[in-house]
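Trainee: Mind having a look at this structure? Questions to follow.
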Amino acid sequence: MKLLNTEFTYYSGGIKYIDRSNDNSNYKLEYDITETRIKAKVTAKKKLTMHRADLDFEFVFKKDDKFFSNGYQSWTTSREYTVKDKMTPLTPIAKGKLENLAGITADCRFVDFPKEAGCFTSHCYTYIKSGKNVTLIGSLTEKQGFTVIYADLNRDTLTLSKDVEGVTLEEGEVYELFDAVIIKGGYDEAFDGYFKAMGVKKPRIEHMSGYTSWYNYFQKIDEKIILRDLNALDIVKDSVSIFQVDDGYETFVGDWTDENPKKFPNGMKYIADRIHDKGYLAGIWLAPFSVQIKSETYKNHPDWVIKYDNGKPILGVFAWGGAYTLDLYNEEARSYIKSFFDTVLYNWGYDMVKLDFLYSQCLYPRNNKSRGTIMCEAMDFLRECCGDKLILGCGVPLGAAFGRVDACRISCDVDLKYDGKFYNKLALNNELPSAQNAIKNSIFRRHLDGRVFCNDPDVLFFRYSNLTFTNEQKVLLAAINHIFGNVLFVSDNAEEYKGVDVDALKKVFQKSEFKVVDANYVSDNDIVIDLIKDGENKQLRFNIKTGKSNVQEIIGIPVFR
C-alpha cells in the first residue's frame with residue numbers, strides 16, 4: 001500500500017492543531033511501512049496532548065471487492081460490504097437530546113460515521129476480499145489506543161486512524177501509534193497468520209452448551225424458577241455442559257454479594273451446588289464495572305465512580321434506570337471488585353462468569369490514558385480477578401478481549417421478536433437487539449471462533465410461549481448458532497419440550513462438523529453459505545428478513561411440532 005498523507009491532531013498551548021507535517025517544531029512523526037507491516041511513532045518536541053493520528057493509503061479496490069466492517073464492540077453490526085452498499089446511517093433522533101443514551105454503547109464519540117455508499121469503517125482489523133483471497137490489515141495491539149480503519153471504495157483510499165484522545169506527552173517522550181500487519185492469502189490462512197503474529201493462544205475450551213435464564217424471565221428469576229428449569233433439562237442432560245444464572249439474583253446491579261433473600265432464600269452457593277449435582281459447570285452473570293443508581297454500593301461510595309471534569313458521574317449504562325461505572329483506577333473500587341469476584345468464584349463456587357457492559361469503562365479517556373489503553377488494562381484486571389476461572393465477555397470492544405477471555409459474545413442480543421423492537425427502525429445505534437443482526441455477526445465474525453476465544457452467538461429458542469418467532473425463524477437461528485458458534489445457550493423452560501424438540505436440541509447442541517468455505521450476500525436480504533461436511537459440498541441459502549431457508553435440507557434439524 002502506498003502512503004499518501006499523514007495527519008496528526010493534537011493540542012499545544014491551548015491551541016488545536018491538525019498537521020500534515022512529519023517533522024515540525026512540535027513533534028516528529030516516524031514510520032516504517034513495508035509490504036507486510038505498518039509501524040509509526042511520534043516524538044514530542046514540546047508538551048502536547050494528542051487527539052488522533054491518521055495514515056492515508058492508496059488502495060485500489062476492484063469492482064467486486066468486499067470490505068469487512070468489524071463493529072466497535074460485541075454487539076455492533078459486523079458484515080461484508082460492496083461499493084454499492086451503505087452503512088446504516090444514524091437518524092437525527094439519535095443526535096441531540098438522545099445522543100447520550102443512544103451513543104453510550106457505540107463509537108460515536110471518536111469515529112466519523114460514513115455518510116455515503118462505498119464508505120465504511122472497521123475496528124481493530126479488516127479484510128478486503130477479492131474472490132477467494134483476502135488482504136487482511138490488523139492492529140497487533142490496542143493498548144496504545146483503538147485503531148479505526150476507514151475505507152473509501154469510490155476513491156481507492158484506506159486510512160488507519162489511532163484514537164489517542166487525552167494522552168499528554170512531555171517534551172522528548174516517544175509514543176507508539178501503530179503496529180499493524182498486512183497479510184495476503186486465503187481467508188483461514190490470513191486469520192491464522194494474524195493471530196499468530198499477535199501471539200494469541202487458542203482458547204482453553206472448544207465447546208459449551210446449556211442454559212441461561214435471561215431471555216425468558218429477564219430479571220424476574222427466583223430460586224423456584226431456576227431449579228425448575230435446571231431439573232427440566234434432565235431430558236437432554238447428556239448434551240448439556242453448563243447452566244448459567246443471569247441478571248436478577250442480586251438486589252441491585254453493583255450489590256453483587258447482597259443476595260436477594262426473597263428470591264433466593266437459600267443463597268447463590270446453594271444454586272451452584274445444585275448445578276454441580278447435575279454434573280454441569282455453574283455460570284453466573286455480572287456487570288462488574290456497573291453500579292445501579294439505586295444500589296447501596298453507589299449510595300455509600302459515590303466517590304468510586306467515573307466522573308466528568310465538573311464532578312458529575314458519567315452514565316455508563318442506561319438499563320436498570322441507569323448505572324454509573326466503577327473507576328478502574330480507584331484503589332478502593334478495585335479492592336471491592338476483587339472482593340466480590342472472590343465471593344462469587346470461590347465462596348459460592350461458580351466456574352464461569354459472564355461479564356457484561358464492559359465498554360462502559362472506556363467511554364472517555366482519563367488519567368492520561370486513551371480509551372484503548374483503559375479497555376486493555378480493564379480486561380487484564382478482570383483476568384487477574386478471575387484467575388483460572390472461565391470468562392465469557394460481553395459488550396466489550398473485541399480487540400481488547402483477544403487472548404484475555406475464554407469465550408465472547410460476538411453479536412447483539414437476539415430479542416424475543418425476530419426483527420427486534422419497533423425502535424430498531426429508528427437507527428439509534430448499531431447495537432440494537434434482533435436475531436437478524438445477531439445472525440449477520442455470527443456469520444461474518446466466524447474467523448474469531450477457536451482462534452482467540454469461543455464465539456457466543458447468543459441464544460437460540462425452541463419454546464412456544466413468550467416468543468414471536470415463526471418455526472422457520474427458530475430453525476434458522478438454531479442452525480446458524482450450531483454452525484458458527486461454540487457457546488450454545490437456550491433460554492427456555494424445557495418442560496415445554498416434546499419428543500421432536502428434544503431431538504432437535506440434542507442435534508444443535510453437538511459441536512458442528514461443518515466446515516465453512518465462504519459466505520456472501522447475493523442480494524440485499526439473501527445470504528448464501530458454502531459448506532463442506534464429510535467431503536460433500538453443501539450450500540445453505542436463506543433470507544435474513546423472513547427467515548425462510550433450506551436449513552432442513554442441509555442440516556436436518558427435526559421440525560418443531
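Trainee: Farther than 23 Å from Asn430 by Cβ, open to solvent by less than 10 Å² (accessible area, probe 1.4 Å) and charged (D, E, K, R): which single residue out of Asp192, Asp229, Asp188, Asp222 fits that description?
Mentor: Asp229
Trainee: Is it the case that Ile235 is in contact (Cβ under 8 Å) with a residue 40 or more places away in the chain, surrounded by fewer than 21 Cβ atoms within 10 Å (Cβ to Cβ) and among the aliphatic types (A, V, I, L, M)?
Mentor: It is true that Ile235 is in contact (Cβ under 8 Å) with a residue 40 or more places away in the chain, surrounded by fewer than 21 Cβ atoms within 10 Å (Cβ to Cβ) and among the aliphatic types (A, V, I, L, M).
Trainee: What are the pairs with Cβ atoms under 6 angstrom where one residue, in the stretch 247-274, is under 12 Å from Val344 (Cβ atoms) and free of Cβ contacts under 8 Å to residues at least 12 places away in the same chain and the other, located anywhere, is surrounded by fewer than 20 Cβ atoms within 10 Å (Cβ to Cβ) and of a type outside the set (D, E, K, R)? Sequence gap at least six, or different chains.
Mentor: Glu259/Gly267
Trainee: In this structure, does Ser491 turn out to be open to solvent by less than 10 Å² (accessible area, probe 1.4 Å), hydroxyl-bearing (Ser, Thr, Tyr) and modelled with pLDDT of 95 or more?
Mentor: yes
Trainee: Taking Asp524 as the residue in question, decide whether it is open to solvent by 30 Å² or more (accessible area, probe 1.4 Å), acidic (Asp, Glu) and part of a strand (DSSP E or B).
Mentor: For Asp524, the condition - open to solvent by 30 Å² or more (accessible area, probe 1.4 Å), acidic (Asp, Glu) and part of a strand (DSSP E or B) - is not met.
Trainee: Please name all residue pairs, on different chains or six or more residues apart, with Cβ atoms under 8 Å, provided the first residue is in the stretch 332-359 and is touching a residue at least 40 places away in the same chain (Cβ under 8 Å) and within 19 Å of Met379 (Cβ to Cβ) and the second residue is among the basic types (Lys, Arg) and outside any helix (DSSP H, G or I).
Mentor: Qualifying pairs under 8 Å: Leu345/Lys389; Met352/Lys389; Val353/Lys389.
Trainee: Right, next: For the structure I just gave you, tell me whether Gly395 is part of a loop (DSSP other than H, G, I, E, B), under 17 Å from Thr105 (Cα atoms) and in contact (Cβ under 8 Å) with a residue 24 or more places away in the chain.
Mentor: yes
Trainee: Based on what the data block shows, is Tyr423 open to solvent by 10 Å² or more (accessible area, probe 1.4 Å), assigned to a loop (DSSP other than H, G, I, E, B), more than 21 Å from Leu140 (Cβ to Cβ) and out of contact with any strand residue (DSSP E or B) (no Cβ under 6 Å at 6 or more places or on another chain)?
Mentor: It is false that Tyr423 is open to solvent by 10 Å² or more (accessible area, probe 1.4 Å), assigned to a loop (DSSP other than H, G, I, E, B), more than 21 Å from Leu140 (Cβ to Cβ) and out of contact with any strand residue (DSSP E or B) (no Cβ under 6 Å at 6 or more places or on another chain).
Trainee: Could you tell me how many of the residues in the stretch 195-216 are of a type outside the set (D, E, K, R) and not in a loop (DSSP other than H, G, I, E, B)?
Mentor: Adding up the residues that qualify gives 11.
Trainee: Another question, if that's okay. Looking only at the stretch 436-483, how many residues end up being open to solvent by 10 Å² or more (accessible area, probe 1.4 Å) and among the small types (Gly, Ala, Ser)?
Mentor: Summing the residues that are open to solvent by 10 Å² or more (accessible area, probe 1.4 Å) and among the small types (Gly, Ala, Ser) in the stretch 436-483 gives 2.
Trainee: Any residue at all in the stretch 406-417 that is over 15 Å from the mean Cα position of the chain (by Cα), open to solvent by 10 Å² or more (accessible area, probe 1.4 Å) and touching a residue at least 60 places away in the same chain (Cβ under 8 Å)?
Mentor: yes
Trainee: Still on this model: Which one of Leu326, Leu281, Leu286 is over 15 Å from Ser360 (Cβ atoms) and touching a strand residue (DSSP E or B) at 6+ places or on another chain (Cβ under 8 Å)?
Mentor: Just a single option satisfies the conditions, and that option is Leu281.
Trainee: Among the residues of the stretch 111-160 satisfying the criterion of being touching a Leu at 6+ places or on another chain (Cβ under 8 Å), touching a residue at least 40 places away in the same chain (Cβ under 8 Å) and part of a loop (DSSP other than H, G, I, E, B), which is surrounded by the most Cβ atoms within 10 Å (Cβ to Cβ)?
Mentor: Looking at residues that are touching a Leu at 6+ places or on another chain (Cβ under 8 Å), touching a residue at least 40 places away in the same chain (Cβ under 8 Å) and part of a loop (DSSP other than H, G, I, E, B), I get Gly145.
The values are calculated or read from the model by the stated rules, or taken from the named source; none is laboratory data. Predicted model, so just to flag it, every value in this text is computed and none were measured. Cβ: placed from backbone, ideal geometry, glycine included. Neighbour counts: every protein chain shown. Please note that ligands, DNA and RNA were not included when accessible areas were found on the heavy atoms of the full protein model with its side chains. Shrake-Rupley method; radii C 1.70, N 1.55, O 1.52, S 1.80 Å.
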